[in-house]
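Trainee: A single structure is presented below for examination.
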DNA sequence: AAATAACGTGTCAAAAAGACACAATAATTA
DNA sequence: TAATTATTGTGTCTTTTTGACACGTTATTT
């Protein structure tokens, strides 16, 4: 086949906005660059798309490289392509949004990349337009978590309702009524009582649940309203 | 500045999924290609991104070129980048989702591009992965229109509630209860009574409303539930 | 053993949603 | 010209969901 002629070809990168939750705060996995350009500055983890690689595979490669994880929650978030977003050379960046259980990642791989979990609230300034990417990802998380049960992706396999509530409170940076939250979550019938208790609890031990994976997959796109008034 | 070396550069295109509504059916603006590749086949309107052009400007250029319209509702829908999606040469395509009032477009410009409004229900097969793009755009429309008042973008400036209901029924391909729908729409307080009546109505003439643009812009991202059970 | 902190569940009133009925308007028809 | 018919606007009633709030339970701490 002939090639398209007289047409500009551009660099295409993927950047991954990786969220984690440590039980208290929402965190981002960021790298302190020990390579040029912008060596020493903070940025998202990214890389160029290989010639023979689908976009999502590029993102998954980068995520595996950094965290040692496969099968994590990944979504394409859109593409940033402003002419001067990368001062070195024009680069189109396809953003990927990832949610991981912060306890599962490979610490050695993270260290090898000079990566760190940073609290969203004390996030450093990032290079290029990466701050805007994080802003967009956070908006997306807030939007989607209000309607769909994707918050579970940030929790361990077994978790309590108070843990889930703390996650939601971290995502939206606001308090929630314990009793109404619990009722809402239980009404989804997504939770299976494991019979175990959360041993780390300070006083009364909370029930540990696990996700009903079948129902979760089945009803993921249903409109649930996990937040009282998620007007944005 | 130095350039990134040893890195593949790719073709970057934008493709526009353009929806319109004629009062009865949801329609797509498609072109019958009189150029290679795939001459004679149907496709979405698209083009390559210029070197000095932001992505959304590329899309707006293409949309203006085809319809003569500016200031239309445009959203980026994500990017398709499978290795072999374009058999000629690897091309990344950034999709843009556009809603226009079907009466406003420039018919000569549309004809010049060999473009046609096609009913979604009788859509021909499109080239490359354009069918998947349309599928994604339709999902997005159904998702977003269930929660946010973007349906108005498809209607004339002055419209009646029955017209709006017909639009929603076309989008979701299902009937709705007139009385509950009307109540829901009026409760948003997005509509301003123009004092005029819809003269095309067969019998009793419906009230013509216009959008409260200020409130629309203000409350666009609020979660309204325009569809009874939009489980997807 | 009492105090404390966190958890689970229940109640009640207000708001929203779903099902349905009736009156008003304007074209069509007898 | 009056009755018929199609379409539109608005209202009612019941059920469901939401938001605000209280109480008893469990396990640790004092």
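Nothing in this text is a laboratory measurement; each read-out follows from the coordinates by a stated rule. Given the structure is predicted, the values throughout are model-derived calculations rather than measurements. Using ideal geometry, Cβ is built from the backbone for each residue, glycine included, and neighbour counts are taken over all protein chains shown.
Trainee: For segment A:156-232, what is the relative contact order in percent, using Cα pairs closer than 8 Å and at least 6 residues apart in sequence? If you can, show how the numbers build up before the last one.
Mentor: Values: 72 pairs, mean separation 26.1, N = 77.
Computed value for segment A:156-232: 34 percent relative contact order.
Trainee: Shortest first and in nm to one decimal, what separations exist between residue B:200 and its copies in the other chains, measuring from label points 7 Å along the Cα-to-beta-carbon line?
Mentor: From this label point to the equivalent ones elsewhere in the assembly: 6.1 nm.
Trainee: Let me ask you something else. Can you compute the helix-only [θ] at 222 nm over chain A? Use -39500 (n - 2.57) per DSSP H run of at least 4 residues, normalise by all residues, nearest 500 deg cm²/dmol.
Mentor: -8500 deg cm²/dmol
Trainee: Measuring nothing but label to label, 7 Å from Cα along Cα→Cβ, what are residue A:38's distances to the other copies in nm, shortest first?
Mentor: List, nearest first: 3.5 nm.
Trainee: Compute the angle between helix A:130-147 and the longest alpha-carbon principal axis of chain A, please, reported from 0 to 90 degrees and rounded to the nearest 10.
Mentor: That helix lies at roughly 30 degrees to the long axis.
Trainee: Once the label point is placed 7 Å from Cα along Cβ, list for residue B:107 the distances to the corresponding points in the other copies, in nm, shortest first.
Mentor: List, nearest first: 7.2 nm.
Trainee: By how many nm would the segment from residue B:144 to residue B:107 lengthen if fully extended, with 0.36 nm per residue of separation less the alpha-carbon distance?
Mentor: 10.5 nm
Trainee: Also, I was wondering about something else. Take the alpha-carbon centre of segment A:24-38, take the same for segment A:49-76, and report the distance between them in whole Å.
Mentor: What the calculation gives is 17 Å, centre to centre.
Trainee: Taking chain B as a Gaussian network, where each spring joins two C-alpha atoms under 10 Å apart, which residue of B:101, B:71, B:34 fluctuates the most?
Mentor: B:71
Trainee: Oh, and also: Using a Förster radius of 51 Å, what is the FRET efficiency between residue A:70 and residue B:35 based on their Cβ-Cβ separation? Nearest 0.05, please.
Mentor: Efficiency computed from Cβ-Cβ geometry: 0.75.
Trainee: Over chain A, what is the relative contact order in percent, taking alpha-carbon pairs closer than 8 angstrom and at least six residues apart?
Mentor: Relative contact order here is 21 percent.
Trainee: For chain A, modelled as a GNM with alpha-carbon contacts under 10 angstrom, which of A:113, A:140, A:122 fluctuates the most?
Mentor: A:122
Trainee: How far, in degrees from 0 to 90, does helix A:161-172 lean away from the longest principal axis of the Cα atoms of chain A, to the nearest 10?
Mentor: The two axes meet at around 40 degrees.
Trainee: Mind telling me which of A:112, A:98, A:146 comes out most flexible in a GNM of chain A, alpha-carbon contacts under 10 Å?
Mentor: Ranking A:112, A:98, A:146 by mean-square fluctuation puts A:112 first.
Trainee: Pairs of Cα atoms under 8 Å, at least six residues apart: use those to get the relative contact order of segment A:1-99, whole percent.
Mentor: 35 percent
Trainee: To the nearest 10 degrees, how steep is helix B:178-187 against the longest Cα principal axis of chain B, on a 0 to 90 scale?
Mentor: 80 degrees
Trainee: Another question, if that's okay. Would you mind pulling out the separation of the Cα centroids of segment A:179-229 and segment B:139-191, in Å?
Mentor: After rounding, the separation between the Cα centres reads 34 Å.
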